[in-house]
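In what follows, a structure is listed as structure tokens, so that the remarks can point back to it.
The values are calculated or read from the model by the stated rules, or taken from the named source; none is laboratory data. For clarity, every value in this text was computed on a predicted model and none was experimentally measured. With ideal geometry, Cβ positions are generated from the backbone for all residues, glycine too; neighbour counts draw on all protein chains shown. Accessible surface areas use protein heavy atoms only, side chains included; no ligands, DNA or RNA. Shrake-Rupley method; radii C 1.70, N 1.55, O 1.52, S 1.80 Å.
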Amino acid sequence: MRSRRVDYSESTRQALVDSAVELFTKRGYAGTSLDEVAKRARLTKGALYHHFSGKQALFEAAFDSVENAFMRKLGEIVSAPGDPWDTAIAGLRAYVRVCLEPSYQRIVIHEAPVVMGWERWREAEEHFSYGLLRSTIEVLITSGELEQLPVETMARLLFGALSAGASTIAGAADPRKASAEVERTIVRVVEGLRVTEPPPRVIPERSRSRRR
């Protein structure tokens, strides 16, 4: 049985994270104070420090929250029943559209590399999106949809392309136009890796003997 104290502690932490996501999205890391986060969550600053050691720790929790929410949605898309190719392309298109979401764009793409540092940000990105991409590629290769190329190499290259696409969208004067261009381009790149003809049928040796 969970105690009320544990439930209250988790709900308090979540309220602070939700407040932080909203403020970091609107004002950025530098423009947000811990006092404002606590006030918006209707909690004291002492309660904030009970859960987080400081502003950066709170930002990382906000980052994790945003990533978890969007990756959960993408995971549902690519794991849905149906044709593996169609679900994979749907997931690819959905990821590009995620890059238009204000919280993902501001916190994950713009702020995180600066606040968390490049290395820590790349590690976090790989933890969330890279694993999903790699597993999707494995499914497509197993189902015969993609060329039999090294999974790790293909995943790394496509992950780099998606990351570059996300940065392009976030930094564009017209993000929606950039999103459409990135989506069209990345889908075309993946289609170029698709198997267009079934592999040649291998006739068993015994069957060949009968034909002679």
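Close Lys pairs in the chain (alpha-carbon distance under 24 Å; sequence gap of 8 or more, or different chains): 8. Stretching the chain fully between Glu76 and Thr168 yields a gain of 30.6 nm (0.36 nm per residue, less the alpha carbon separation).
Per-peptide packing, taken as the mean over residues of other Cβ atoms within 10 Å, places 62-69, 43-50 in the sequence 62-69, 43-50 from highest down.
Carbon and sulfur together cover what percent of the accessible area of region 126-190 at a 1.4 Å probe radius? It is 58 percent, rounded to a whole number. For region 22-66, the square roots of the Cα gyration tensor eigenvalues, ordered a ≥ b ≥ c, give a/c of at least 1.5 with a/b no greater than b/c, which places it in the oblate category.
On a full-extension model of 0.36 nm per residue, what is the gain between Arg176 and Arg97, subtracting their alpha-carbon distance, rounded to one decimal in nm?
On the way: separation 79, 0.36 × 79 = 28.44 nm, distance 0.88 nm.
Stretched out fully, the Arg176 to Arg97 stretch lengthens by 27.6 nm.
Over region 34-162, give the accessible area per residue in Å² for a 1.4 Å probe, as an integer. Present the calculation step by step, with values, prior to reporting the outcome.
Working: 6440 Å² over 129 residues.
Dividing the accessible area of region 34-162 by its residue count gives 50 Å².
Below 8 Å between Cα atoms, with a sequence gap of 6+, how large is the relative contact order for the chain in percent?
Details: 159 pairs, mean separation 40.2, N = 212.
Relative contact order here is 19 percent.
In the chain, helices alone account for a calculated mean residue ellipticity at 222 nm of -22000 deg cm²/dmol, with every DSSP H run of four or more residues adding -39,500 (n - 2.57). Backbone geometry of region 150-166 corresponds, through the Karplus equation with coefficients 6.51, -1.76 and 1.60 at θ = phi - 60°, to 3J(HN,Hα) couplings of x, 4, 4, 5, 4, 5, 4, 5, 5, 5, x, 5, 5, 5, 5, x, 4 Hz, x marking Gly and Pro.
Rank-order 123-130, 17-24, 147-154 by packing density, defined as the average count of other C-beta atoms within 10 Å over each peptide's residues, highest first.
Numbers: 123-130: 16.5, 17-24: 21.9, 147-154: 12.2.
Ranked from most to least packed, the peptides come out as 17-24, 123-130, 147-154.
For Asn68 and Asp83 in the same chain, what is the full-extension length gain: residue separation times 0.36 nm, less their Cα-Cα distance, in nm? Can you show the working numbers first?
Details: separation 15, 0.36 × 15 = 5.40 nm, distance 2.53 nm.
Gain in length upon complete extension: 2.9 nm.
What FRET efficiency comes out for the pair Thr153/Val195, r = Cβ-Cβ distance, R0 = 30 Å, nearest 0.05? For Thr153 and Val195, the calculated efficiency is 0.95.
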